[in-house]
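Please treat every number below as a calculation from the coordinates, not as lab data. Because the structure is a prediction, the values reported are computed rather than measured. Cβ placement follows ideal geometry from the backbone for every residue including glycine, while neighbour counts extend to all protein chains displayed.
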Amino acid sequence: MLFLFSDVLLVARKKSYMDFGSPPRYEVVDWAKRSYICVNEQAKAENEIYMVLLENQGGKRIEMVLVPPSQNELTRWTSALNPPSLSSTGESIYETWDCPQYYCSEPYNAQQPDELTIDVGDVMKVMKKTSDGSLGGSP
């Protein structure tokens, strides 16, 4: 069983001594920082995910093959485990938990379909900064 958080991946298994009717309990058997996870893109065609923990909690490299029960689960886990990629040099992409926030001091009316209208006092999370200085994010 995998539990993916914003900054860490937990590998767990169900505890075998559960009481009847009680919610399931899990025991963590391994974990790694999300920045130390590598996923093979070609494994999607084989309905499996080849994942490498470059450094687990013990400082070791661990390789594992995950076989999700459906194509939908395969797609969801592959996209969740892969970090966003940069389309050109000079861009920055921030993790949701580590993105800078900006306080709007002047209103802005969207002029393009992919722009946001923001008002004074709005706080924006910047998820992407491009080489031309444009910022991408969400309120």
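Below is a table of values for the structure above.
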| item | result |
| --- | --- |
| Distance between modelled label sites at Asp7 and Ile62, nm, 7 Å Cα→Cβ extension | 2.0 nm |
| Potential extension, Trp31-Asn109 segment - 0.36 nm per residue separation minus Cα distance | 23.6 nm |
| Within straight-line cross-link reach of Lys33, lysines at Cα separation under 19 Å, skipping those fewer than 8 residues along the same chain | Lys60 |
| Residues Lys15, Lys128, sorted so that the one with the fewest Cβ neighbours within 10 Å comes first | Lys15, Lys128 |
| Reference-scaled alpha-carbon Rg (2.2 N^0.38 Å with N residues) for the range 2-81 | 1.19 |
